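Participant: Take a look at this one; I'll ask things after.
The values are calculated or read from the model by the stated rules, or taken from the named source; none is laboratory data. It should be emphasised that the depicted structure is a prediction, and the values quoted were computed from it without experimental measurement. Virtual Cβ from ideal backbone geometry, glycine too; neighbours counted across all protein chains shown.
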């Protein structure tokens, strides 16, 4: 393992300790706490800082640092993928693959590594123990297909322009529509209705209506509403109410 990589990991861990100490110091000075509480928090702060620094110094060159290397392949395994991100989110460390899909980076045991690229599904890898000081892996990616909803784009910024364009549009079968409109002209249809002779069904209905009228006349006189006294009474009542004036 290169000395620079070991030094970098030590610096990262010390940076975490500095951040924790800064947060405790801010809490002590920012809030109006009693003197006893401040003393207790100060003791806790010193204890945490001592334990963390001691842990870093004690590890020294015995940090379980593993050189994690590998090749990221396309789904069909025909070649490497350029620009794939290989990183440890918690530590803020990572790298990217070259034009051959190759990468190499220092890691710690049990680090959770994320492999991500646009158009491919994210993959996770945890650095195992007892694998020596270097690990080499081959990672085939899986395509991540996202089906977006259909969007229709029109070159009309306002509704008025869209309406004008629709009205000015010429249909490919405009001649057929013009012929239909001419054939369905109201005057032409009315003339055809007036001059069209009756078919067999209409002749039958007309004959049966005439026979029904004949049988009614043979039985008795036809009904005449002018001779109905109840109808006349209703008529006079409507005159008194002024129903005809209202209409």
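Participant: Quick one: which of 51, 82, 73, 45 is touching a helix residue (DSSP H, G or I) at 6+ places or on another chain (Cβ under 6 Å) and modelled with pLDDT under 95?
Facilitator: None of the others qualify; the one that does is 45.
Participant: Being closer than 16 Å to residue 140 by Cβ and assigned to a strand (DSSP E or B) is the filter here, so list the residues in segment 86-101 that pass it.
Facilitator: 86
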